[in-house]
Structures are given as C-alpha cells and as structure tokens.
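These notes are about the structure you will find just below.
Values in this text are rule-based calculations from the coordinates and carry no lab data. Just so it is clear, the structure is predicted and the values come from calculations on it, not from any experiment.
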Amino acid sequence: MEHPQSNGFTNLETFLLFAFMAIAVVETSCCIALRQHLNQQLQDSRNFDELSAALEQYKAFGGDVKALTAGAQFHHVIAALKKPVVWVFKSRQFLSPAFTCVAQSMEAKGTGFGYYFVKVNTCRATYPYATNQDSNSLRR
C-alpha cells in the first residue's frame with residue numbers, strides 16, 4: 001500500500017514549528033526585560049554617585065548646609081546643587097543644570113554637614129556614611 005505524497009507540513013511538524021517560535025519569543029522578551037532592568041539599575045547607580053559627589057562638594061565648598069534637613073524636598077536640594085555658589089571669591093557649580101534624575105523614590109538622612117543620600121530609586125548606599133559621632137564609636 002502506497003502512502004500519498006504530501007508537499008505540506010504534517011500537524012506534528014506545524015505544532016513543533018509554532019512551539020519553537022513561541023519559546024524564542026518568550027526568551028527574547030525575557031532578555032529584553034532583563035536588559036531594561038539592568039540599564040535602569042546602572043542609571044540609578046550613576047545618578048546616586050553623581051548626586052552624592054555633588055552633595056559632598058556642596059557641603060565642602062560653601063553650600064547652604066542649614067537647608068539640608070531630613071525633611072527637605074529633594075527637588076529643592078537638587079536645585080540648590082545646580083545653583084552656583086560663591087565661596088572664597090570663586091563661583092562653583094556642583095551639578096550640571098542639564099542633570100535630570102527621574103526619581104520615583106529618594107531617601108536621605110541627617111542634617112547639615114551630616115546630610116547624605118541613602119537611596120535613589122533602586123540604588124541604595126552600599127555602606128552607611130559615617131558621621132563624626134559614628135566614626136568615634138567605630139574607633140572604640
């Protein structure tokens with residue numbers, strides 16, 4: 001008995017083709033989502049580093065540390081970091097006016113010279129910043 005010759009795909013071959021295509025689409029979308037997440041973490045880390053460095057410079061070179069309180073709104077702190085400060089007859093700007101940080105969540109602690117950023121979106125400080133009181137207790 002002869003089998004009829006078929007030029008098309010069998011049902012099994014068609015099913016396997018669609019299964020492989022579905023697996024490829026799922027893996028691709030997972031890779032894209034992971035890449036977006038890692039890019040967001042990298043950007044948050046860069047923003048955290050840039051803000052922390054600008055804040056330290058602001059405190060060291062004549063910035064208004066009285067305005068740095070735990071309850072201060074972050075857009076006011078960032079605006080202060082963007083504004084030039086004249087200290088010892090020299091104007092300094094600590095953060096570029098073009099700097100933008102889309103922060104859904106930011107945290108800061110301390111007041112005055114002890115003010116520091118704890119979190120910017122997904123990026124947290126890897127170690128707590130030591131204040132004078134903290135560093136004295138570490139020496140014991």
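Annotation: amide H-H contacts under 5 Å for VAL118 (H modelled 1.01 Å from N, sequence separation of 5 or more, or interchain): GLU107, ALA108, LYS109.
3J(HN,Hα) along the range 45-61: 5, 5, 4, 4, 5, 5, 5, 5, 5, 5, 5, 5, 5, 4, 5, 7, 10 Hz, from the Karplus curve 6.51 cos²θ - 1.76 cosθ + 1.60 with θ = phi - 60°, whole Hz, x for Gly and Pro.
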